[in-house]
Amino acid sequence: MQGKRLFEYAVLRVVPRVEREEFCNIGVVLYSKEARFLQCKFHLDELRLKALFAALDIEELKQYLESFERICNGSKQGGQIAQLDQPSRFRWLTATRSTILQSSKVHPGFCEDPSMALQKLFEELVL
């Protein structure tokens, strides 16, 4: 596969009531070691989320997503975890957790351009 690079991705999900295992896809995080690429993309359809989960605190969710993005980008405002190398940040972001913001299992793929792959996955799995 000339020109193709291995990447890994996970879908970001809102899970307002963990015990019910109901969720709504809101984003994607994609990592490619070869391309030195780690980015996330998310979209909050507030009307849809409120229709599905009336008691959901959207502002709190936005704060979680901002933290997630700071860690993903390696921002100094992201704390100690954001200062780790890309592979470690990706593994931390996609680790299994039982909070309102979760990720799917990690899936592999091949692409020529990780940013285009992120956009395509985002359109297929979130929008």
**OP:** Note down all Cβ pairs under 7 Å where the first residue falls in segment 22-45 and is over 18 Å from LYS120 (Cβ atoms), the second is crowded, with 21+ Cβ neighbours inside 10 Å, and they're at least six residues apart or on different chains.
**Re:** PHE23/VAL14; CYS24/VAL14; LEU44/ILE26
Original post:
Which one is nearest to PHE7 (Cα to Cα), of the residues in segment 66-92 that are of a type in the set (Ser, Thr, Tyr) and in a helix (DSSP H, G or I)?
Top reply: SER88
Original post:
In segment 69-127, what count of residues is obtained for those that are small (Gly, Ala, Ser) and within 15 Å of PHE42 (Cα to Cα)?
Top reply: 4
Original post:
Somewhere in segment 22-39, is a residue surrounded by fewer than 17 Cβ atoms within 10 Å (Cβ to Cβ) and modelled with pLDDT under 95?
Top reply: yes
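Mind checking which residues of segment 40-72 are of a type in the set (Gly, Ala, Ser) and modelled with pLDDT of 95 or more? Spell out the reasoning first.
At the first step, the residues of segment 40-72 found to be of a type in the set (Gly, Ala, Ser) are 51, 54-55, 67.
Scanning segment 40-72 gives a single hit, SER67.
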Original post:
All but one of (1) surrounded by 14 or more Cβ atoms within 10 Å (Cβ to Cβ); (2) part of a loop (DSSP other than H, G, I, E, B) hold for GLN119; which doesn't?
Top reply: (2)
Original post:
Residues of segment 46-64 being in a helix (DSSP H, G or I) and over 16 Å from VAL126 (Cα atoms), which ones?
Top reply: LYS50, ALA51, ILE58, GLU59, GLU60, LEU61, LYS62, GLN63, TYR64
Original post:
In segment 46-71, how many residues are under 17 Å from the mean Cα position of the chain (by Cα), surrounded by 15 or more Cβ atoms within 10 Å (Cβ to Cβ) and either more than 11 Å from ILE26 (Cβ to Cβ) or free of Cβ contacts under 8 Å to residues at least 24 places away in the same chain (or both)?
Top reply: 4
Original post:
Is it true that ILE81 is among the aliphatic types (A, V, I, L, M) and over 20 Å from GLU21 (Cα atoms)?
Top reply: yes
**OP:** For segment 93-114, enumerate the residues that are surrounded by fewer than 18 Cβ atoms within 10 Å (Cβ to Cβ) and assigned to a strand (DSSP E or B).
**Re:** HIS107, PRO108, GLY109, PHE110
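The values are calculated or read from the model by the stated rules, or taken from the named source; none is laboratory data. Small disclaimer: the values here were computed from a predicted structure and weren't measured. Counting neighbours? That spans all protein chains shown, and the Cβs are built from the backbone with ideal geometry, glycine included.
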